[in-house]
Amino acid sequence: MRVYVPLTLPGLAEAHRTGQLGDGPHTAYAVTQALREWYLSDDIEELEYAALSRAALASLRLLAADPGAPRRRVVVAVDVADGTASADPDRGLDPAAPGEVRLAGAVRLAKAAAVHADAADAETDVAAAARALDAADKGDDDARFVVDGAEDHELLWFATQEIPQLIG
């Protein structure tokens, strides 16, 4: 099963140093039944992209909580054994949580299939979105527009061998 783990660049650097994405548990995103119902598609590529997008928003939340981190969203795509990721059926009903899953233990970076991250030219929009996120969550339409500006930037794909250059 493919899951998408939101991080920041410092979090990715720590994962590269230790070989794992922390001790867990981890919140990640995957193609769940709740995501299928929310997205209304049977196309697996579209569903995977939706899960990646949910993880990118979670990465933005991590950036909002860490003002010292470079303003680039980071998502690690990891292949885990079926049954490793569990979705809370009650949480799946929350409109803010489609595709959310929990990974109980440590996740080895060696299981990563790829890293997705913003290009440097997205930093201004991502920084503004991180600042506006709280207001957007409270229903401010102008703030939501700012957050959407970050979401307009496509995350770039990086092979795991490129992590040293990405965090360098």
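None of the figures in this text is laboratory data; all of them are computed from the coordinates on show. Here the structure is a predicted model, which means the values were calculated and not measured. Ideal geometry is used to build each Cβ from the backbone, glycine not excepted, and the neighbour counts take in all protein chains shown.
Some observations on this one:
- GNM top mover of Asp148, Asp42, Asp88 - the chain, alpha-carbon springs below 10 Å: Asp42
- Amide N proximity, the stretch 111-128 versus Asp148 label position 7 Å along Cα-to-Cβ, cut-off under 17 Å: 125-126, 128
- Label-to-label distance, Asp140 versus Arg36, with points set 7 angstrom from Cα along the beta-carbon direction: 3.9 nm.
- Put a plus charge on the Cβ of each Lys and Arg, a minus charge on the Cβ of each Asp and Glu, and nothing anywhere else: the dipole of the stretch 2-167 about its Cα centre is then about 720 debye.
- Kirkwood radius for the chain, taken over all pairs of different Cα atoms as the inverse mean of 1/r, rounds to 16.0 Å.
- Ellipsoid equivalent to the stretch 96-148 - semi-axes via the Cα gyration tensor, in Å: 28, 18, 8
- Length released on extending from Asp43 to Ser86, taking residue separation times 0.36 nm less the Cα-Cα span: 13.3 nm
- Charge sum, other residues only, whose C-beta stays under 13 Å from Ile167's C-beta, Lys/Arg counted +1 and Asp/Glu -1: 0
- For Leu21, the shell of other residues with beta-carbons less than 14 Å away shows a net charge of +1, using +1 for Lys and Arg and -1 for Asp and Glu.
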